[in-house]
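Report on one structure; see the data block that follows.
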There are 2 protein chains.
Amino acid sequence: MGRSLVLIMLAVMAFSRCIICMATPVEERSLLETGEFTLDSVRQSLTGQEDTIVYRLIERAKFPLNSRLYDQKYELVPGSPVTLIQFLFKQTEIVQAKAGRYLNPEETPFFPENLPPSVIQDRTYPVFLHPPASSVNVNNIIWDVYFNKFLPLLVKPGDDGNYAATSASDIELLQALSRRIHYGKFVAEVKYREAPHEYEPLIRAKDRNALMNLLTFKKQEEMVMRRVEKKGMVFGQYVSLNDTESTGKYKIDPSLVSQLYEKWVMPLTKDVEVEYLLKRLDGEQKQVP
Amino acid sequence: MGRSLVLIMLAVMAFSRCIICMATPVEERSLLETGEFTLDSVRQSLTGQEDTIVYRLIERAKFPLNSRLYDQKYELVPGSPVTLIQFLFKQTEIVQAKAGRYLNPEETPFFPENLPPSVIQDRTYPVFLHPPASSVNVNNIIWDVYFNKFLPLLVKPGDDGNYAATSASDIELLQALSRRIHYGKFVAEVKYREAPHEYEPLIRAKDRNALMNLLTFKKQEEMVMRRVEKKGMVFGQYVSLNDTESTGKYKIDPSLVSQLYEKWVMPLTKDVEVEYLLKRLDGEQKQVP
């Protein structure tokens with residue numbers, strides 16, 4: 001009997017270990033599909049999105065600045081006051097809107113005016129976000145930060161004329177950054193549901209600072225910064241069959257990835273969280289005092 | 001004097017090593033910019049393109065098959081006989097053509113009919129390819145192979161409804177594969193210029209098999225396969241701050257990358273080389289026998 005018990009215990013241990021193995025490492029899955037919104041699952045999604053952002057940073061850094069794309073004075077689009085990147089981005093969003101991109105609450109358009117309807121009629125998403133708050137959109141700030149502050153740090157100066165490939169790369173990267181930053185809505189909703197009594201007084205008092213403090217975890221942020229820098233090293237290395245060790249050279253400066261997160265991605269995510277929470281009680285039945 | 005000589009020799013050795021250090025690792029640069037088309041520089045470009053292909057394979061593998069995108073019977077585009085992916089791809093090419101994508105001889109459209117002109121008027125590329133041969137386009141074969149053979153191996157079955165993000169991912173990956181495969185034109189032109197006397201009789205005899213043999217280097221191909229598999233491992237790993245060693249799990253199966261190259265990318269590149277060479281003497285003044 002004693003021996004059987006040991007065997008059963010060993011089997012159970014092996015099985016649980018197997019479960020753990022299967023569960024890690026974590027794949028990025030759309031939480032809209034699994035429906036399992038928890039602080040952990042939302043963080044897992046954010047972790048997976050880091051990889052996408054790093055790949056796209058590397059891809060954009062292959063091209064020089066190509067500033068004519070961004071400067072209206074070059075009149076790249078004759079007769080139009082927009083820059084070429086604005087023109088191309090808007091056209092891309094129009095195409096992707098037809099494929100239903102912006103029905104997905106994880107996606108936020110940069111040019112939301114006059115987007116066409118989706119040709120897909122039957123795709124619906126479960127409602128997780130509080131509808132009056134789900135419209136928070138900081139893409140104009142992301143746009144400004146990206147082109148005016150971050151991009152000149154990422155790429156070398158110069159113009160190789162590859163405007164189509166460069167702009168496609170900008171669009172992919174900006175969409176990944178926008179998705180990451182607007183995921184703050186999901187973070188905020190999860191946190192609110194976990195402790196509404198903590199948030200409600202601050203929301204009613206419109207106390208942005210107190211909300212920001214409640215949402216800030218310095219240790220967590222520092223861990224994210226170290227992790228994305230490591231991803232910059234791992235994904236940005238030059239791989240050859242010969243080298244047995246790292247060359248110490250990378251396709252992008254890994255510390256730039258942690259800078260991007262420290263200065264812009266994480267603060268903007270928290271801005272989204274605060275903006276979302278400030279609207280979290282809109283449309284709710286008011287409590288009788 | 002002997003000591004000075006040794007010092008000078010050491011300095012020269014240090015300097016040449018420094019040059020070597022600076023030259024490696026190799027950055028992917030557009031050869032159209034540098035103008036330095038040699039077999040080595042073309043191979044360097046192909047090596048850089050491998051990284052892009054691996055990143056995009058990983059990105060596409062985040063989504064399940066989402067087969068409704070590819071099946072006309074679902075009538076995702078009401079009133080139109082095309083699949084949703086065809087519709088979206090063509091629309092994307094129309095937008096990118098306006099940004100001058102297809103003025104670049106490195107880029108080959110999948111839907112070349114009725115593409116609009118570029119809004120950029122002053123971008124020209126130096127002519128390196130032989131014009132009558134530069135129109136070789138095997139994108140219909142790449143399309144067929146990708147959707148009917150490769151994609152089902154890459155992704156898990158299922159449908160998460162993320163058609164816009166999935167199709168954007170397909171388009172980026174197909175464009176990277178197409179660019180890589182059509183680089184065969186540049187490979188063929190470089191090889192032809194290095195030894196026209198070897199190629200001309202075979203071209204005049206339309207001897208495809210002999211041309212294919214002349215273009216095939218088994219050892220080189222095996223090296224590429226090992227390298228892209230290694231890239232699948234390096235770029236496809238799950239990075240966390242805790243693990244000190246590899247988990248042995250990857251976001252895509254690394255052997256699938258070498259399979260992709262062995263079965264499709266390298267053979268199709270050589271097909272492009274052969275097709276290009278067969279047109280390489282078109283329009284040239286005929287030799288008097």
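The values are calculated or read from the model by the stated rules, or taken from the named source; none is laboratory data. Keep in mind it's a predicted model, so treat the numbers as computed, not measured. Note that each Cβ is placed from the backbone with ideal geometry, even for glycine, and that neighbours are counted across all protein chains shown. Heavy atoms of the whole protein, side chains included, go into the accessibility calculation; ligands, DNA and RNA do not. Shrake-Rupley method; radii C 1.70, N 1.55, O 1.52, S 1.80 Å.
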Of the conditions (1) under 30 Å from A:K73 (Cα atoms); (2) polar (S, T, N, Q); (3) modelled with pLDDT of 95 or more, the single one that B:N140 does not satisfy is (1)
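Among the residues of region B:254-274, is any more than 13 Å from chain A (Cβ to nearest Cβ) and exposed (fewer than 11 other Cβ atoms within 10 Å of the Cβ)?
No; the residues of region B:254-274 include none that is more than 13 Å from chain A (Cβ to nearest Cβ) and exposed (fewer than 11 other Cβ atoms within 10 Å of the Cβ).
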Taking region B:219-241 only, how many residues are part of a helix (DSSP H, G or I) and under 19 Å from B:L256 (Cα atoms)? 16
Where the second residue is charged (D, E, K, R) and in a helix (DSSP H, G or I) and the first is farther than 15 Å from A:L260 by Cα and lies in region A:174-191, which pairs have Cβ atoms under 8 Å and are six or more apart or on separate chains? A:G184/A:K270; A:G184/A:D271; A:G184/A:E273; A:K185/A:E273; A:V187/A:E273; A:A188/A:E273; A:K191/A:E273
Report whether or not A:L65 is modelled with pLDDT under 95, crowded, with 17+ Cβ neighbours inside 10 Å, under 25 Å from B:Y125 (Cβ atoms) and not acidic (D, E). no
B:P25 outside any helix (DSSP H, G or I) and modelled with pLDDT of 90 or more: no
Subset of region A:156-211 [among the hydroxyl-bearing types (S, T, Y) and within 28 Å of A:E284 (Cβ to Cβ)]: A:S178, A:Y183, A:Y192, A:Y199
Identify the residue in region A:70-79 that is open to solvent by 40 Å² or more (accessible area, probe 1.4 Å) and touching a helix residue (DSSP H, G or I) at 6+ places or on another chain (Cβ under 7 Å) and, among all such residues, is farthest from B:P117 (Cα to Cα). A:Y70
Filtered residues of region B:58-79 (kept if of a type outside the set (D, E, K, R) and more than 8 Å from chain A (Cβ to nearest Cβ)): B:A61, B:F63, B:P64, B:L65, B:N66, B:S67, B:L69, B:Y70, B:Q72, B:Y74, B:G79
Expected single match for open to solvent by 50 Å² or more (accessible area, probe 1.4 Å), facing another protein chain (nearest Cβ under 10 Å) and under 19 Å from the mean Cα position of the chain (by Cα) among A:K249, A:K230 is A:K230
Selected residue (criterion: surrounded by the most Cβ atoms within 10 Å (Cβ to Cβ)) from residues of region B:115-155 that are within 14 Å of chain A (Cβ to nearest Cβ) and of a type in the set (S, T, Y): B:S118
Got at least one residue in region B:175-188 being more than 13 Å from the chain's Cα centre (by Cα) and either aliphatic (A, V, I, L, M) or buried (at least 18 other Cβ atoms within 10 Å of the Cβ) (or both)? yes
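For B:T83, indicate whether it is crowded, with 20+ Cβ neighbours inside 10 Å, modelled with pLDDT of 90 or more and touching a Lys or Arg at 6+ places or on another chain (Cβ under 8 Å).
On the way: crowded, with 20+ Cβ neighbours inside 10 Å: yes; modelled with pLDDT of 90 or more: yes; touching a Lys or Arg at 6+ places or on another chain (Cβ under 8 Å): no.
No; evaluated as a whole, the condition is false for this residue.
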Identify the single condition in (1) polar (S, T, N, Q); (2) in contact (Cβ under 8 Å) with a residue 40 or more places away in the chain; (3) open to solvent by 20 Å² or more (accessible area, probe 1.4 Å) that B:Q91 does not satisfy, given that it satisfies every other one. (2)
For region B:156-176, the count of residues that are over 18 Å from B:Q91 (Cβ atoms) and more than 12 Å from chain A (Cβ to nearest Cβ) equals 1
I'd like the residue in region B:80-103 that is within 28 Å of B:V119 (Cα to Cα) and of a type in the set (S, T, N, Q) and, out of all such residues, is farthest from the other protein chains (Cβ to nearest Cβ). B:Q86
Of these, A:F235, A:F186, A:F150, which one is out of contact with any Lys or Arg (no Cβ under 6 Å at 6 or more places or on another chain) and within 21 Å of A:T38 (Cα to Cα)? A:F186
